[in-house]
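Taking it in order: structure first as structure tokens, then the write-up.
The values are calculated or read from the model by the stated rules, or taken from the named source; none is laboratory data. Because the structure is predicted, anything quoted here is derived from the model rather than measured. Here the Cβ positions follow ideal geometry from the backbone for every residue, glycine too, while neighbour counts run over all protein chains shown.
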Amino acid sequence: MNPVLAIVAPFLAAFTIPLFFVFRKKWVGTAVILFGVLSALTALFVAAGGEAVTVMGGWQPEVGIALVVDSLTTAFLILASLGFSASLSAAAETFGYGPWRFYVLFFLSWAATNGIILTGDLFNLFVFFEIFSVAAYLVVAYPPRSWQAIEAGFKYLIFGTVGALFLLIGIAYAFMATGQLNMAILARVLPRAPEATLSVVIGCLVVGLFIKSGTVPGHFWLPDAHSSAQTPVSALLSGVFVKVSLYALIRLAFLLFGSADDRVFFVLLLFGTVTLCLGHLMAFQQEDIKRLLAYSTVAQVGTIVIAIGCASSGGVTAAVYHAFNHMAAKMGLFLVSGVLAEDRASRDIAQMGGLFRHRPLFVLAFCLFAASIAGIPPLNGFMSKWFLLVAAAERGALIPAAAVVAGTVLSAAYYLRPITAFFGPAETEPPHHRPHPVTGAIVALLALLCLVLALAPYIGPLKEGLLAVGRDTVNGARYIERVLR
Amino acid sequence: MLPISYGTAIVVFCIGLYTILSKRNLFKTVIGLSLMEGGVLMLITSSGYVPGGVPALLPFAGGEPVNPLPHSFTLTAIVIGAADVALALAFIIKIHRRYGTVDIDKIRGLRG
Amino acid sequence: MRVHRNLQRLGALGLSLALGWWLWQGVTISPFQGITGPAARYIHGTARDTGAANVVAAILFDYRGFDTLGEASVIYTTVCGVALLFAKRRYRRSSHGLSFIVKRGMALLVPFILLYASSIIVMGHLSPGGGFQGGAVMATVTVLFCVIYGSSFEAARVSPKVKETIESSGALLFTAIGLIGLVTGGAFLTNSAAGFPRGMMGHLVSGGTIPLLNIAVGMKVGAGLSTLFYSMVKILEDPTESSPPEV
Amino acid sequence: MTMTRPDNLSLTMIALALVMTGASSLFAGSRDKEGSRRDLVPLWLFCLFACLTALASTWLSFIIGLELSTLSLFTIIRKGDEATSRLYLLAQLAGASVLLFATSLGSSFEGNLPLGPVPPGLFPLFVIGLGVKAALPGLHFWLPRTHSQAPTEASALLSGYAVKMGIYGLLRLVGDPSPPLLLLGIVMALYGVVQALLQHDAKRLLAYHTISQLGFIVAALSTGTPLGRTAALFHIVAHALFKGLLFLSAGSLERLYGSRDLNGLGRAGRDAPLLFGLFLVGASAIAGCPFTSGYVSKIVIKSALTDQGQAVLGLQLAGLGTTLSFCKFGYYGFWKSSGDRPEPRGFLGRQAYGAMALLAAATALVGAGPLLYPLLPLPEGTLLAPKALVDATIPVIAGIVLFALFPGLFRPRHKDVADVENALAPLGRLLLFPLTLLRLSHTGRLRAYIALIVAALIAIFHSL
């Protein structure tokens, strides 16, 4: 299957939903579901199709815009389609199909996500990042009735725009120095650029992606956006959006920066460690459960950045594996906490007493996901943490590795607070109750995914696939050869 | 010629950055963002400069055409920037309705 | 307080200057050695590959047409989002406009503006211009409607649903052309290789898909920008809401 | 989890886990509350994970088993006291994290670090990681509180088996003689005894004795010789059995009189003579009276340490303290009757007695076993040699005499004695202060945030 279809399918959804609204209002819901299934299936088929390179317009890679499917792309396509499908189902249950514009934005962000993952062209990457970000600001601000949503959306917008500007500067300098935009060709010619230009290119791209992914010092928007957005959107933000920016970081780090200097990876290790510590320490102090989860996401972003900074195939394997684990667990956490917060009509952890009696299965799922995020064996979070530790040890990055293991204790400490509250004595007033069958099903599937992922290192094909992602990604020459063949 | 244009672009960029960092009015923040973007676009466009070049319209009458690729980037980036600004202004309208102010330092309900 | 603010400004200045210094360091100014890379290919191959006379248009809509799809989608996203931000509230539309003279003058001007916009759109592959520029000019018509006749007239003339339809149709048209290229030419957005007529260079019908894509983008941008303006103006026309922000 | 063909060490640990869990679940099942059957699930889960840990062939799977058993114990301790269970979990997680860190340093994607001696550079990290579990001095901050606040069956398992998992790790780790570890062991043995003498809470007293007895084991295994390892293993088993028995009898006291405070007890000897008898079995074993399991294991430990005269002296001192403190426990807990002591409020079922009888029988068997079957690599007749008998009797006799001479000196106090755990709260407050600053730095001021980003960008430019 042509890779471009993975981008076109959600685009088609976004372009046709308004027409459905104008002409056949009743069909909007059906269309959303159908297009959701279609988009997910297309992406999965593209992922299953194996390695492929296609150039828009049938030109040579240098002339047109290339889309590249390799193992890293495959992994992230699967991650994105899982995350988007889960979030779409939850959103359909939470919002209904009335706010059709929300779904338009949703599909636009899906298309842009797949575009970022697939594209092999630096400027095209920027364009897709813009669609992605604009859609992200707006889904964060939906519904625009609460002041938190508006403020968070606006702050996200300012941060995102500044980040996009830095990305644009980086791309502009790379283009000015080489006249090329295809990433494979750039990987060949960029190292010949003068030292100062190279540092501008790398610095601006890295900082731009830091802002987009929520790495310190660009993390300030993340807790606001995650905690203010509606539950399905928070899950999506944490599960997919943050990962997409990290995908771009992985891709660019090993293609463009890898040849340049080891110092880039040192910078990644440094900022990753700071992010990890800050995320854990801030999460430790939160009273609001969604804000706690959001800061925990910051910490996990730091973990993945550290994994990238290990600059080895093992590190990339750990990063991808951890991205999957965090997607499964954190989406589950956000969905569960959304349901529980709705029951108590409050996001304050202190108000959440007695919810275990009320919704035992959701609370148990929360415990599972929390244990997975904290890295309690033998769950998936522990497995990826182990991969990361080994990669860090091989690289000799002892302080980041120590920060990661210390983070385990801290995160266990702060996840114990809501869990203690859930199991604790009940409030006097009975909680609200609304059945959440779809969310429940998604949470169950995510829990299952966590368990499957925990077994991944013991399932031959999965393990081999994970290791192959690392090997292929680190081997920039292979990518270049495949694109330019 | 070329250094001047690059220098101007960077100066415009810096003015934009300074505006963002020092002005409290949200509209000025957005203006700063636009200025920064303008600076970057000037930089990109300058890189397509060809001494004595003609517009890249076929047939190239009277000499070497300028590099058309930066032009197309600039067009794309302008549109994207315009979209960003429009969105930012829409958000400012909403913020003003909620907070009754456009002072950036007073819009900090979310912190910690 | 004042000292604090001055310090802030000083810090801002320092940071800006430092960043500017690094950016300046990074600029490589080498003597011009001719255009290299893909740009050279674009300059020399446009006539042969696409049949368009405007190289920039050929890059935008053929070589890198995918970027343009993305760029148009950014606008689409913004329009959709602004409409979402201001949705769900009944705003009072103003129906009083400016004076009769202005209204008559506007009525006379409208056809010419539309004609001009159309020419910019359909000649995009021949001369500077194209879908974005033409679409923007097109949108000025509705903006003028709003300003001169009031937004309720504008809403009655070109209802939001019509704009929605035009916008989405333009986007769909773009995608459909791309998909035709995929089916017949083997790659998304394939132009002449997919059988679109290249035509004679300089003629109106030339450049294969480029004029079609220009029209699609024109629809998208024209309708999108007018929706954008309408969404934002309807809130400001509400007297209860329109206390101008103090600056 | 990667498993290995079990050797004698693993098999012993598994057997011990089964016995201890069996006794604990018997005791827990006798509680006159509903839902006790469901309470048994985590107990047996603990047993399962403990067995997996004992079977692990790499350090990684050892850690996995360790953390899983910690989690299952955590769910039991939660029923006793919420805050204590959190302290326990976090302390254990911290230890396991250090261990995991150390293991990752020795591993690679090709192969995990096998369970066994590690490169010398990693040795200290491993000792620290296992030390939290095994309550090495300074790292024991969680132990007294956890042991005393946990439900009795959990205390018995904690002292009887959970801490031994750390010791088991140390046993696998130490291949060569390690003088620092020997010193640590002696310090542990003495420190535990001194603290135990000052306690008035029965379970807390026992908890400190756990530390002290672990000191004996650490001292034995630090020799690295086969004899030392055997001695350590033997004492692991002996200590698990008699300490489990003692914890269960302390728990029985609590169940009977609703209090663990030695100031408020004293008539159990007459109300429940069988309980007193069972306690005496345990107490004589821990004090090392001849022909008990404690006697045998201490003899073996001392013979493993023959060339370390000062160490043996230290251990003798610790033995003296042990006797003193159990005289105190027995006297104030069971015998010092006075009219104003409260009537028993609770009731001990057959199952509870059965659990204690099981452990008492096992203790007796272990004590008698080496006499019947020459299992231990000791010269013939060592156990009955006069020197050994004298060595073992001196602390016991001296302890009893001392206690009889100065009974006032060892009267239970009313105040708790300070320990490392008391430093935790101030330390936490000290650490929380910068955290508050960190949180305050997230002011919500957009301009400051962007300035920070630009500054970071410039810093990155500098570093590139």
Next item on the list: Determine whether segment A:208-216 contains at least one residue that is within 12 Å of chain C (Cβ to nearest Cβ) and surrounded by 24 or more Cβ atoms within 10 Å (Cβ to Cβ).
Entry: no
Check: Among the helices (runs of 4 or more DSSP H) confined wholly to segment C:97-189, which include 3 or more residues that are of a type outside the set (Phe, Trp, Tyr), under 14 Å from C:Ala223 (Cα atoms) and away from chain A (no Cβ under 14 Å)?
Finding: C:100-122, C:131-149, C:151-157
Note to self: Only one of A:Ile150, A:Ile116 is aliphatic (A, V, I, L, M), over 25 Å from B:Leu110 (Cβ atoms) and either under 20 Å from the mean Cα position of the chain (by Cα) or in a helix (DSSP H, G or I) (or both). Can you tell me which?
What the structure shows: A:Ile116
Margin query: Given (1) surrounded by fewer than 24 Cβ atoms within 10 Å (Cβ to Cβ); (2) at pLDDT below 90; (3) not charged (D, E, K, R), identify the lone condition not met by D:Phe123.
Written below: (2)
Checklist line | Those residues of segment D:400-428 which are assigned to a helix (DSSP H, G or I) and either modelled with pLDDT of 90 or more or of a type in the set (A, V, I, L, M) (or both), in sequence order | finding: D:Ile400, D:Val401, D:Leu402, D:Ala404, D:Leu405, D:Leu409, D:Val420, D:Ala423, D:Leu424, D:Ala425, D:Pro426, D:Leu427
Next item on the list: Please specify each residue of segment C:37-90 satisfying the condition of being basic (Lys, Arg) and within 7 Å of chain A (Cβ to nearest Cβ).
Entry: C:Arg41, C:Arg64
Next item on the list: Only one of these is touching a Gly at 6+ places or on another chain (Cβ under 6 Å) and touching a residue at least 12 places away in the same chain (Cβ under 8 Å): B:Ala77, B:Ala9, B:Ala56, B:Ala88. Name it.
Entry: B:Ala9
Next item on the list: Look through segment B:17-54, keep the residues that are within 11 Å of chain C (Cβ to nearest Cβ) and among the small types (Gly, Ala, Ser), and return whichever of them is nearest to the chain's Cα centre (by Cα).
Entry: B:Gly39
Next item on the list: Go through the residues of segment B:80-101 one by one and say whether even a single one is surrounded by fewer than 18 Cβ atoms within 10 Å (Cβ to Cβ), within 14 Å of chain D (Cβ to nearest Cβ) and polar (S, T, N, Q).
Entry: yes
Checklist line | Out of B:Gly63, B:Gly48, B:Gly81, B:Gly38, sole residue that is within 30 Å of C:Thr78 (Cα to Cα) and outside any helix (DSSP H, G or I) | finding: B:Gly48
Notebook entry, point to check: Given (1) assigned to a helix (DSSP H, G or I); (2) free of Cβ contacts under 8 Å to residues at least 12 places away in the same chain, where does B:Gly109 come up short, assuming only one miss?
Noted result: (1)
Next item on the list: State the number of residues belonging to segment D:417-460 that are within 14 Å of chain B (Cβ to nearest Cβ) and either touching a strand residue (DSSP E or B) at 6+ places or on another chain (Cβ under 7 Å) or not aliphatic (A, V, I, L, M) (or both).
Entry: 9
Next item on the list: Note down all Cβ pairs under 7 Å where the first residue falls in segment C:33-47 and is in contact (Cβ under 8 Å) with a residue 40 or more places away in the chain, the second is surrounded by 16 or more Cβ atoms within 10 Å (Cβ to Cβ), and they're at least six residues apart or on different chains.
Entry: C:Ala47/B:Leu58; C:Ala47/C:Met201
Checklist line | segment A:127-180 - residue that is at the interface with chain C (Cβ under 10 Å from one of its Cβ atoms) and of a type in the set (Val, Ile, Thr) and, of those, farthest from A:Leu222 (Cα to Cα) | finding: A:Thr178
Next item on the list: Would you mind finding the one in A:Ala341, A:Ala350 that is in a helix (DSSP H, G or I) and in contact with a strand residue (DSSP E or B) (Cβ under 9 Å, 6 or more places away or on another chain)?
Entry: A:Ala341
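Residue-by-condition table, conditions (1) part of a helix (DSSP H, G or I); (2) buried (at least 16 other Cβ atoms within 10 Å of the Cβ); (3) modelled with pLDDT under 85:
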{"position": "C:Ser16", "(1), (2), (3)": "yes, yes, no"}
{"position": "C:Leu19", "(1), (2), (3)": "yes, yes, no"}
{"position": "C:Ser30", "(1), (2), (3)": "no, no, yes"}
{"position": "C:Gln33", "(1), (2), (3)": "no, no, yes"}
{"position": "C:Ala52", "(1), (2), (3)": "no, yes, no"}
{"position": "C:Ile59", "(1), (2), (3)": "yes, yes, no"}
{"position": "C:Asp62", "(1), (2), (3)": "yes, yes, no"}
